[in-house]
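The values are calculated or read from the model by the stated rules, or taken from the named source; none is laboratory data. Keep in mind it's a predicted model, so treat the numbers as computed, not measured. Neighbour counts are summed over all protein chains in view; Cβ atoms, including those assigned to glycine, are modelled from backbone coordinates with ideal geometry. Heavy atoms of the whole protein, side chains included, go into the accessibility calculation; ligands, DNA and RNA do not. Shrake-Rupley method; radii C 1.70, N 1.55, O 1.52, S 1.80 Å.
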Amino acid sequence: MNKIVNPHALKYFKNNKKLIACSPLYPPVELFHAMGCLPVTLWGLREIFHSTPFSDQHVQNYACSVARHLTEFMLSEHACLVDGLFMYNACDTLRNLPEIIVSAAETTGRTMYLFQMHIPAIPFNETNSIPFFREEMSALIHQLESALKKTFDPDTFMNSIHLYRTMRVLAKKFETIVAQGRISFQTFSEILMANHWLPVEKQIDHLKQAIDKALPAANTKNKRLWMTGILPPPSSVINVIESSDFTIVGNDIAALKRSYDYTPKSQKDPLIFYTDFYQNHFPCSTLLNTSEKRLETMLANVDHRQVDAVIFVGEKFCEHEYFEFPYIEKIFRSKGIPCLTLDISIDDFDNIGPFKTRIEAFSEMLESNTRESNININIKAPL
C-alpha cells in the first residue's frame, strides 16, 4: 500500500459516489457513508503540498498549516474531485474558512455543496444544548437528503456504524501492537494518516494487513514515550525519535488516537447516536465541550502505559493547543515526567536538523537522569 495517498487516486475510490471533503477531524462519517457518499478527512496534507500559492491569496501566513493546506487543496486541481465540503466549528480560523473556500472556488467556475453544523462549545450536560445540537443534526440530514436526492435509511446507517466501529477497534489494536514494539510508530502514523483518505472498507483491509505483518515478539527500547498534539510530526522526525532509543507506547494525537478511540453503541436514530458521539468523544482541544476532561484522561493513559517522558508536537499557530500546553507540561513535570515541545511549522518539512538535535539531547538527558538515580539508589542501599 502507498502510505501517502495520491489525491488523483480518489478518482478510483469515488466509484460514482459523491466525495465529501470534511474538516475538522471528527465529522459524522457514518452519516455520509450511509447516504452513499465517500467522506474524506482533509487533515495533515503537508506530505502533498510543500507550498501554498493558492491558499496564500486568501489565508494569512500566520494561520496554522492545517487551514492553509486545506484551503490549498480546495483551490487546487484536486478540488475537481470534490462534490461537497463539510465543516463544523473548531477554532476561529477553521470557523471562517468554509465561506472563503466556496467563494474563492466560485471565482474559478467551480461550485460545490456546502454542509455545515455547529457543535456547542460547552459540556452538553451543563446547559440545555442537546436540543440545539439535535436540531443541527436534523438540519444536516435534511440538507443531505435535498442535495443528494436520497432518503436517509436507518438500517443502512446501522451498517455504516458497524464498519466504522470495526475500523476503530482495529486501530486501537494496532496502537497496542505499536506500544509492544512489534511495529514502528512511523509505520502506524503513516497508515492511519493515509486512511483518512480512503473508504472505510479499504481502511479496514489496510489495518488488517498491517496487523498481520507485526513482529511476533515485543522489541521495546529503554525509554517509553507518550506523544500528544494535533498532528503527528513528519515521518523523518518520527524516525529520529525512534532511532533515539524511544518506544512510542501511546499517543493522544488528534489525527490519530482522538479520531478512532470512541464509537457509541449502535443506534438507528442519528440524533441520539451523534449526541453520544460528540458528548463522550475522547477529549480534544478542538472539541471545547470535551476539553475539561483532557488532562485527567492524559494522566490516566500515561500512568497506564508507564510512560517515562512526553513529547508535545506543537502545530505552530494552533491557538487551542498552545493555550493548554504550558499548564499540561507543568502538571507532568510536577509528577516527575520530563517533557519536550517540538514546534512544527508549515515550512518544517525537509530541514529536520534542529529537531534531531533537540530529540537526541532529550534522550541523553533522560539517560543521564536514570544513571544518576541508579547511583543514588546504590549509595543508599547499604544504609
Quiz item: Just one of the numbered conditions (1) part of a loop (DSSP other than H, G, I, E, B); (2) touching a strand residue (DSSP E or B) at 6+ places or on another chain (Cβ under 7 Å); (3) on the phi < 0 side of the Ramachandran plot is not true of G181; which one?
Solution: (3)
Quiz prompt | Those residues of region 49-81 which are over 21 Å from the mean Cα position of the chain (by Cα) and under 18 Å from Y113 (Cα atoms), in sequence order | solution = L75, S76, E77, H78, A79, C80, L81
Quiz item: So how many residues does region 112-124 have that are at pLDDT 90 or above and assigned to a loop (DSSP other than H, G, I, E, B)?
Solution: 3
Practice problem: Please find, among S291, S244, the residue that is polar (S, T, N, Q), open to solvent by 10 Å² or more (accessible area, probe 1.4 Å) and more than 19 Å from P27 (Cβ to Cβ). | Solution: S244
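Residue-by-condition table, conditions (1) assigned to a loop (DSSP other than H, G, I, E, B); (2) basic (K, R):
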position	(1), (2)
N219	yes, no
P233	yes, no
S236	no, no
V240	no, no
F273	no, no
K293	no, yes
Quiz prompt | Long-range neighbours under 8 Å by Cβ, at least six apart or interchain, first residue within 12 Å of L225 (Cα to Cα) within region 235-246, second assigned to a helix (DSSP H, G or I) and among the β-branched types (V, I, T) | solution = I241/I359; S244/I359
Quiz item: Hey, among T263, T275, T286, which residue is under 18 Å from the mean Cα position of the chain (by Cα), more than 29 Å from R333 (Cβ to Cβ) and either at pLDDT below 95 or surrounded by 18 or more Cβ atoms within 10 Å (Cβ to Cβ) (or both)?
Solution: T263
Quiz item: Being hydroxyl-bearing (S, T, Y) and within 17 Å of the chain's Cα centre (by Cα), is that true of even one residue in region 21-32?
Solution: yes
Practice problem: Check off (1) open to solvent by less than 60 Å² (accessible area, probe 1.4 Å); (2) in contact (Cβ under 8 Å) with a residue 24 or more places away in the chain for N219 and give me the number that stays unchecked. | Solution: (1)
Exercise. Kindly list the number of the only condition in (1) open to solvent by 30 Å² or more (accessible area, probe 1.4 Å); (2) aromatic (F, W, Y); (3) in a helix (DSSP H, G or I) that fails for F317.
Key: (3)
Self-check item: Cβ-Cβ under 8 Å pairs, at least 6 apart or on other chains, region 181-198 side hydroxyl-bearing (S, T, Y), far side outside any helix (DSSP H, G or I)
Solution: T187/K3; S189/P232; S189/L256
Practice problem: For region 268-281, state whether one or more residues are touching a His at 6+ places or on another chain (Cβ under 7 Å) and closer than 19 Å to I161 by Cβ. | Solution: no
Self-check item: Matching residues in region 316-326 - criterion: being touching a residue at least 12 places away in the same chain (Cβ under 8 Å) and either out of contact with any Ser or Thr (no Cβ under 7 Å at 6 or more places or on another chain) or of a type in the set (D, E, K, R) (or both)
Solution: K316, F317, C318, E319, E321, F323, E324
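How do the helices (runs of 4 or more DSSP H) wholly within region 1-111 filter down when requiring 1 or more residues that are without any contact (Cβ under 8 Å) to a residue 40 or more places away in the chain, out of contact with any helix residue (DSSP H, G or I) (no Cβ under 7 Å at 6 or more places or on another chain) and open to solvent by 20 Å² or more (accessible area, probe 1.4 Å): which remain?
In region 1-111, 10-14, 92-95, 97-107 are the helices (runs of 4 or more DSSP H) which contain 1 or more residues that are without any contact (Cβ under 8 Å) to a residue 40 or more places away in the chain, out of contact with any helix residue (DSSP H, G or I) (no Cβ under 7 Å at 6 or more places or on another chain) and open to solvent by 20 Å² or more (accessible area, probe 1.4 Å).
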